[in-house]
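Input: a single structure, listed below in structure tokens.
We did not get these values from a lab; they are worked out from the coordinates using the rules stated. Values in this document were obtained by computation on a predicted structure and should not be read as measured data. Reconstructed Cβ throughout: ideal geometry from the backbone, glycine too, with neighbour counts over all protein chains shown.
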Amino acid sequence: MSSLPLTNIPSVMLDFMNDDHREATLMTNKLHTLLLDAREVEDFDRDLITAALTEIYTHDKEHFAREEAEMERTGFPAYGCHKGEHERVLNELQDVLNAWQDGMPPEALETYLSETMVPWFINHINTMDTVTAMFVSRQG
Ligand SMILES: [Fe+2]
Ligand SMILES: [Fe+2]
């Protein structure tokens with residue numbers, strides 16, 4: 001079962017968050033395509049995949065920071081909980097990036113992407129991001 005490529009992602013009440021989620025979706029699909037291609041050949045370009053994974057990590061960091069700034073500005077009550085989840089995921093992604101650089105096979109990275117990262121992403125938008133966007137948009 002694969003949920004990739006990502007097509008219809010849920011939308012929330014704030015455009016800047018939807019823009020970040022759309023960008024994350026494009027990056028995720030790009031990484032997925034590179035991983036599928038890597039399965040076809042013996043000597044795939046590991047650096048290309050490292051770059052795509054790093055791009056996702058960097059974008060997540062910025063995307064999460066933008067949400068956190070809005071939660072802080074408006075005094076969102078579950079700020080700590082939402083920020084904690086962002087931090088957990090960034091740490092997990094950093095571990096995966098390290099493992100990839102240590103020689104993780106593309107099949108394992110593809111499994112992480114489709115069975116952990118993408119389901120988390122959709123669930124996070126449907127829960128914490130949805131509630132946050134609703135709260136922030138009401139504060140103006
Ligand atoms: Fe988000
Ligand atoms: Fe979030």
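Restricting the first member to segment 17-34 and to residues that are without any contact (Cβ under 8 Å) to a residue 12 or more places away in the chain, and the second to residues that are part of a helix (DSSP H, G or I), the beta-carbon pairs closer than 9 Å and six or more apart or on different chains are Asn18/Ala133.
Residue-wise test of (1) under 20 Å from Gln101 (Cα atoms); (2) surrounded by 16 or more Cβ atoms within 10 Å (Cβ to Cβ).
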| site | (1), (2) |
| --- | --- |
| Arg39 | yes, no |
| Ala51 | yes, no |
| Lys61 | yes, no |
| Phe64 | no, yes |
| Glu67 | no, yes |
| Glu70 | no, yes |
| Phe76 | no, yes |
| Val89 | yes, yes |
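Within 14 Å of ligand 2 (Cβ to nearest atom), closer than 24 Å to Glu115 by Cβ, aliphatic (A, V, I, L, M) and crowded, with 17+ Cβ neighbours inside 10 Å - does that describe any residue in segment 13-23? No, every residue in segment 13-23 fails to be within 14 Å of ligand 2 (Cβ to nearest atom), closer than 24 Å to Glu115 by Cβ, aliphatic (A, V, I, L, M) and crowded, with 17+ Cβ neighbours inside 10 Å. The requirement of being acidic (Asp, Glu) and closer than 22 Å to Thr7 by Cα is fulfilled somewhere in segment 110-124, by at least one residue.
Determine which single condition Glu70 fails, assuming it passes every other condition in (1) within 12 Å of the chain's Cα centre (by Cα); (2) within 16 Å of ligand 1 (Cβ to nearest atom). Failed condition: (1).
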